[in-house]
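K.L.:
One structure is given below, represented as structure tokens, and several questions about it will come after.
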Amino acid sequence: MKAIATAIPDVLVIEPAVFGDARGYFFESWNQRRFDELAGRSVRFVQDNHSTSAQGVLRGLHYQVRQAQGKLVRVVAGSVFDVAVDLRRSSPTFGRSVGIELSEANHRMLWVPEGFAHGFLVTSESAQFLYKATDYYAPEHERTLLWNDAALGIDWPLAGREPLLKPKDQAGIPLASAEAFD
């Protein structure tokens, strides 16, 4: 397992060592000790989530203002364009985003630490998305950043189509008025 740096230093692409042959493949998808080394700190996950979404579904950009969640995300079927937005006001990368493809084919994971909004767009016919969270889901603290806020400059791979959104994601708040972290 290795970490690949992104444009935002605290967000990491985690790439496992995949061992494949004519029979298929094997890889270690989780190792606490190795992940802590890559993240540069001890991380404790308390909740695993699994979602399935159809092509064109955009989920996010979600975050919790209290009980902030770090997330380790991956795709086990299909592919998504995955995005993390820095909402830490004290960070030199505040308001910037990172977007990468996660797929069953590339086996990559993305580490999105606490203090970030997170979302994804399904780019395949459907996708199964797994994520580990460092704190429990707390709907009273959940916020939604507007997915298409021009201030974020996210280049979603929509190919001229409108995404399929839940009402709370349609009603997201622009960065200029969003609650953020210190």
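The values are calculated or read from the model by the stated rules, or taken from the named source; none is laboratory data. Given the structure is predicted, the values throughout are model-derived calculations rather than measurements. So basically every Cβ, Gly included, is an ideal-geometry build from the backbone, and we count neighbours across all protein chains shown.
K.L.:
For segment 96-136, enumerate the residues that are outside any strand (DSSP E or B) and either basic (Lys, Arg) or under 10 Å from the mean Cα position of the chain (by Cα) (or both).
P.N.:
If the condition is that a residue be outside any strand (DSSP E or B) and either basic (Lys, Arg) or under 10 Å from the mean Cα position of the chain (by Cα) (or both), then Arg96, Arg108, Pro113 are the ones that fit.
K.L.:
Further question: In segment 100-138, which residues are within 15 Å of Phe181 (Cβ to Cβ) and surrounded by 21 or more Cβ atoms within 10 Å (Cβ to Cβ)?
P.N.:
Once the filter is applied, which keeps residues that are within 15 Å of Phe181 (Cβ to Cβ) and surrounded by 21 or more Cβ atoms within 10 Å (Cβ to Cβ), segment 100-138 yields Val112, Pro113, Gly115, Phe116, Ala117, His118.
K.L.:
For segment 32-41, state whether one or more residues are modelled with pLDDT of 95 or more and within 13 Å of the chain's Cα centre (by Cα).
P.N.:
Checked segment 32-41: no residue is modelled with pLDDT of 95 or more and within 13 Å of the chain's Cα centre (by Cα).
K.L.:
When residues of segment 60-79 are filtered for being assigned to a strand (DSSP E or B) and either surrounded by fewer than 21 Cβ atoms within 10 Å (Cβ to Cβ) or more than 10 Å from the chain's Cα centre (by Cα) (or both), how many remain?
P.N.:
Number satisfying all stated conditions: 7.
K.L.:
Among the residues of segment 5-28, which ones are free of Cβ contacts under 8 Å to residues at least 60 places away in the same chain and within 30 Å of Ile154 (Cβ to Cβ)?
P.N.:
Ala5, the sole residue that qualifies.
Residue-wise test of (1) β-branched (Val, Ile, Thr); (2) surrounded by fewer than 11 Cβ atoms within 10 Å (Cβ to Cβ); (3) modelled with pLDDT of 95 or more; (4) farther than 24 Å from Ile14 by Cβ.
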position: Glu140; (1), (2), (3), (4): no, yes, yes, yes
position: Trp156; (1), (2), (3), (4): no, no, yes, no
position: Leu165; (1), (2), (3), (4): no, no, yes, yes
position: Pro174; (1), (2), (3), (4): no, no, yes, yes
position: Ser177; (1), (2), (3), (4): no, yes, yes, yes
position: Asp182; (1), (2), (3), (4): no, yes, no, yes
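K.L.:
If you don't mind, another one. Counting just the residues of segment 21-59 that are farther than 28 Å from Ser126 by Cα and among the small types (Gly, Ala, Ser), which one comes out surrounded by the fewest Cβ atoms within 10 Å (Cβ to Cβ)?
P.N.:
Checking each candidate, the answer is Ser42.
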